[in-house]
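J.: Dumping the structure here so I can ask a few things about it.
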Amino acid sequence: MKDDILAHLRYSLGKDAGHAAIYDWRMALSLTLRDRMMDSWFQSTKTSYDRHAKRVYYLSMEFLIGRLVEDVAANLGLVEEARAAVAELGQDYDLLVKDEPDAALGNGGLGRLAACFMDSLATLGIPAMGYGIRYEHGLFEQDFVEGQQIEKPETWLQQRHAWEFERPEVSYKVGFGGHVHHHEGKAQWHPHETVIATAFDTPVVGWQGRWGNTLRLWSARPQKEFDLASFNRGDYLAASRSEALARTICRVLYPDDTTESGKELRLKQEYFFTAASIKDLLRRFFTDHDDIRQLPDAAAIQLNDTHPAIAGPELVRILADEHGLEMAEAIDLARRCLGYTNHTLLPEALERWPEWLLGRVLPRHLEIIRAIEAGQQAQYPGSPRILDHGNVNMGELAFIMAHKVNGVSALHTDLVKSTVFADLHRIHPTRIVNQTNGITPRRWLHGCNPALSGLITREIGEGWAADLEQLGALRTRTGDPDFLRAFMAAKRTNKERLSNWVQDHCGIAIDPDAMFDVQIKRIHEYKRQLMNILETIALWNEMHANPQAGWTPRVKIFGGKAAPGYHVAKEIIRLINDVAAVVNNDPVTKDLLKIVYPPNYNVTMAELLIPAADLSEQISTAGKEASGTGNMKFALNGALTIGTLDGANVEIREHVGAENFFLFGLTAEEVIERRSHHGYARAAIEQSPRMQKVLAQIAEGRFSPQEPGRYHGLVGNLWDHDHFLVSCDFDSYFDTQRRADEAFKHQATWAAMALSNTASVGWFSSDRTIRGYARDIWNVHSAIDGQLE
Ligand code: 26M
């Protein structure tokens, strides 16, 4: 490996060892590891072709990958060899690993889920391809200036990306606009603008390198680099117009993770990558089939939310307009290929496109959507409408064009059936199925927590990484004091690692013996970071008034970004930072309470924070969080959850046992009921002196003395509206936090509870999730014998 690294340094990077910068060494190491993925990658492709295996196509606007060096090295079993080779070359392996930028091609849970799924598909040996967009700029970088979020462009591609292969020969034209020509019952779309989609492939090799799939991300380039004819005529602007569209289309990831902004460019992004992906999978299909009617036996196309829902009309367009199928047969055939995953119930997050906009960008698709609508209404009169009030509802479109629709946790799926898609569910009672989300144990235990994974491997062997339910064997150790001590020693190691990092990066001294209480996720009203900071203020008040009362010392850790246009979320960030500035400088509580909010939370930061957490905050308003996946990562790493009965929390609690979970708050049903009472927030606040005091302090400017009115809006909204019921759950949350304080004082019992969590959440492996999709939705099989049984 040492020789290979040196060879890459010399022949791929053009440097000799004496002049190589850290970037060169990291690239040389990455290319060396990438070489070692090739055999299994090629072999997998060949096996898939030889067996005419059905393939999964996972269409996702987002893949939140993070770093890859350690991930690849671990999956190939080469960590020790790589570390040693790098050391022999006089370099620091950990520094090289840290030099890699995060591939942040996603906003949050949905994008990270896609990345975990790619790992599991490869580990299970399921022939699959992930399709997405190669954004030039991933999710913005967050900084805080006077406590306020500011956004800076992210530039991961300023350096060469070590893991990808550009495939100029895998290029397709994608058209926009223009008109439709109808002639003798045939339709032909003549787009006005065309861009070229070019593939960039990243190999994804599973655990122990036995199987490799491809993540294929599309980049756009102009059809004609520069229109010479127009240029020579002196028309400089016309010469560069088509270039402009191509350059903007994959320029930047939209940074909103719920609210739909209705922007034309977003629609073009969605169609761009969907159309290229469909063309690509059809080209592959026709290499070994000649009858398009066999497509459902060869391709399972999964839509990660509605973002690629235009795949339905696009497939129908190709089947009808290019292959001459009748519209009804085309629709039916497309449906048999398509599955749709719903990730949210929030009404503001459901994608709707103005009909005029969709018709202008995709005129033939709008006609086809009308035909789909007509077919649905003819067969099921009164069916919910795709087209209504001048909008195209992408949720209804995706539902009607998919043979299976799935929710992402048991509760969420029930709510999908009873709320957003209630009417469609009555018409199609077997279409909706559940697939509770999961996480890859390779990254989220083996990779991020060497202290704990080493201990587990010494105790039960190494099989757990590919068969996470083996962790169940640890349940017998919850009564073993020696093992519990070792378990807590691993946690302590991780807490020290984090404490040092917080000191270096935030300049805050935190005590590894304190309880590390962590809430990391996108900032949203429904996720209730506001409730967390209000509770923190209440706790500080009581600690400050009575510092000798035997408090459990706490470090409150926050991480997460707000969508740039989400004003309330940004106010919440500012409030947390303002409160931190006051609390962290209070000499009375200095050994009792600290608040830490490092900027720019991302996958890499999650890998540092999660292993060090004692308490996991999963406190969304019941019925609002579709699943959550951070909740699973924390439990796996031995944190206890304080949480509501929302999303996958419900199932996590069932697995770990009610006695090992700090439950509080209204249920989803109670939330709906409470909302029907006029003035519920005011009534709840009036019954809580503790909350009243906190709100009064904020409103009086206790945390913003330079601008006392800064939070009038935020506080007023709690009294008068409080859409997410912070007021109603506040007291029960506070009381439950104090139960957690008590439990933490008894470290031996806490350790047993924490270990019960680690031992009981093997079911939340994304391997289990993918097996479920393979069986219930895709009807695909592992190409590695025995893997799916
Ligand atoms: C839509 C339109 C324009 C711009 C952006 C969007 C958009 C992007 C991402 C909308 C939603 C997006 O993601 C939503 C999401 O991350 N949902 C989360 O999905 C996870 C995986 O299923 C769940 O665990 C979370 O509960 C759910 O909030």
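J.: Look at region 403-427 and say how many of its residues are of a type in the set (Val, Ile, Thr) and surrounded by fewer than 24 Cβ atoms within 10 Å (Cβ to Cβ).
T.: 4
J.: Please go through region 638-680 and give me each residue that is hydroxyl-bearing (Ser, Thr, Tyr) and assigned to a helix (DSSP H, G or I), ordered by number.
T.: Residue satisfying the conditions is Tyr680 alone.
J.: If you go through region 229-261, how many residues are within 16 Å of the ligand (Cβ to nearest atom) and either within 16 Å of Arg134 (Cβ to Cβ) or modelled with pLDDT under 75 (or both)?
T.: Going through region 229-261 one residue at a time, the tally reaches 10.
J.: Let me ask another. Would you call Ala683 in the same structural domain as Phe516 (by TED's automatic domain parsing) and either touching a Gly at 6+ places or on another chain (Cβ under 7 Å) or not in a loop (DSSP other than H, G, I, E, B) (or both)?
T.: For Ala683, the condition - in the same structural domain as Phe516 (by TED's automatic domain parsing) and either touching a Gly at 6+ places or on another chain (Cβ under 7 Å) or not in a loop (DSSP other than H, G, I, E, B) (or both) - is not met.
J.: Would you mind finding the one in Leu645, Leu636 that is surrounded by fewer than 21 Cβ atoms within 10 Å (Cβ to Cβ), modelled with pLDDT of 95 or more and either polar (S, T, N, Q) or within 16 Å of the ligand (Cβ to nearest atom) (or both)?
T.: Of the residues listed, the single one that is surrounded by fewer than 21 Cβ atoms within 10 Å (Cβ to Cβ), modelled with pLDDT of 95 or more and either polar (S, T, N, Q) or within 16 Å of the ligand (Cβ to nearest atom) (or both) is Leu645.
J.: Follow-up question, since we're still on this one. Within region 279-287, identify whether any single residue is more than 16 Å from the ligand (Cβ to nearest atom), more than 22 Å from the chain's Cα centre (by Cα), acidic (Asp, Glu) and under 24 Å from Lys54 (Cα atoms), and answer yes or no.
T.: Yes, there is a match, as at least one residue in region 279-287 is more than 16 Å from the ligand (Cβ to nearest atom), more than 22 Å from the chain's Cα centre (by Cα), acidic (Asp, Glu) and under 24 Å from Lys54 (Cα atoms).
J.: Next up: So which helices (runs of 4 or more DSSP H) stay within region 410-509 end to end and still have 1 or more residues that are in the same structural domain as Gln208 (by TED's automatic domain parsing) and closer than 25 Å to Ala114 by Cα?
T.: 410-418
J.: Restricting attention to region 466-498, report how many residues are without any contact (Cβ under 8 Å) to a residue 24 or more places away in the chain and farther than 21 Å from Gly447 by Cβ.
T.: 3
J.: Would you check which residues across region 64-80 are of a type outside the set (Asp, Glu), surrounded by 21 or more Cβ atoms within 10 Å (Cβ to Cβ) and assigned to a helix (DSSP H, G or I) and list them?
T.: Val69, Val72, Ala73, Asn75 - these are the residues of region 64-80 that are of a type outside the set (Asp, Glu), surrounded by 21 or more Cβ atoms within 10 Å (Cβ to Cβ) and assigned to a helix (DSSP H, G or I).
J.: Would you be able to tell me the number of residues in region 482-522 that are more than 26 Å from Arg458 (Cα to Cα), within 28 Å of the chain's Cα centre (by Cα) and of a type outside the set (Asp, Glu)?
T.: Residues that pass the stated criteria total 13.
J.: Something else now. Within the set of pairs 6+ apart or on separate chains, which have a first residue in region 607-634 that is without any contact (Cβ under 8 Å) to a residue 60 or more places away in the chain, a second that is acidic (Asp, Glu) and within 10 Å of the ligand (Cβ to nearest atom), and C-beta atoms under 9 Å apart?
T.: If the second residue must be acidic (Asp, Glu) and within 10 Å of the ligand (Cβ to nearest atom), the pairs left are Gln618/Glu625; Gln618/Asp646; Ala622/Asp646; Asn631/Glu625.
J.: Within region 615-631, can one find any residue that is modelled with pLDDT of 95 or more, away from the ligand (no atom under 15 Å from the Cβ) and assigned by TED's automatic domain parsing to the domain that holds Asn494?
T.: Yes, that holds for at least one residue.
J.: Still on this structure, please answer the following. Looking at (1) at pLDDT below 95; (2) more than 12 Å from the ligand (Cβ to nearest atom); (3) touching a Leu at 6+ places or on another chain (Cβ under 9 Å), which is the only condition Ile292 fails?
T.: Here Ile292 clears every test but (1).
The values are calculated or read from the model by the stated rules, or taken from the named source; none is laboratory data. Since the model is a prediction, treat every value here as computed from it, not as a measurement. With ideal geometry, Cβ positions are generated from the backbone for all residues, glycine too; neighbour counts draw on all protein chains shown.
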